[in-house]
Amino acid sequence: MKKWAEENAGIDFAKTAPKQTDMAIHAPHFNHAFLEELGEKELDRRSFLKWERIMHSHGATLAEVFTLRHGVFPRCVDVVVYPDNHQQVERIVALANKHDVVIVPYGGGTNVT
């Protein structure tokens, strides 16, 4: 199959593309009222770090993996929040509703949720 692809489709399997070493993303948008009321004490942590935001902004579809390697995501999450328990998740959802904040649950990162 490989030989056929090389001879008939002109595919060069030895050719490689360099990995993307950086990715530009927008600065996070802060909903100060939401973040203030959310606080920091009850959560395991929250993060505004660039690469943490990038890694929680995509799944594992072919298009998303290609973008991660070669492109720029059109939109990244603004903050990543790590709740410890069910009550914290309920509180995050209630505060997001109160402050008109869009939340996206993140599981294994495969984009099947």
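Values in this text are rule-based calculations from the coordinates and carry no lab data. Since the model is a prediction, treat every value here as computed from it, not as a measurement. Reconstructed Cβ throughout: ideal geometry from the backbone, glycine too, with neighbour counts over all protein chains shown.
Table for the structure above
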read-out	value
Choice from V102, V72, V80 showing the highest fluctuation, given a GNM over the chain with Cα pairs closer than 10 Å	V102
In degrees, nearest ten, helix 86-98 long axis to first principal axis of the chain (Cα)	90 degrees
Fluctuation leader among G39, G59, G71 - the chain, Gaussian network, Cα springs under 10 angstrom	G39
Size of electric dipole in the range 1-100: Cβ of Lys, Arg +1 and of Asp, Glu -1, about Cα centre, debye, nearest 20	360 debye
Cleavage-rule hits (trypsin sites (Lys or Arg not before Pro)) in the range 60-113: DSSP loop, at most 16 neighbouring Cβ within 10 angstrom	R75
Cα-based convex hull volume of the chain per residue, rounded to whole Å³	141 Å³
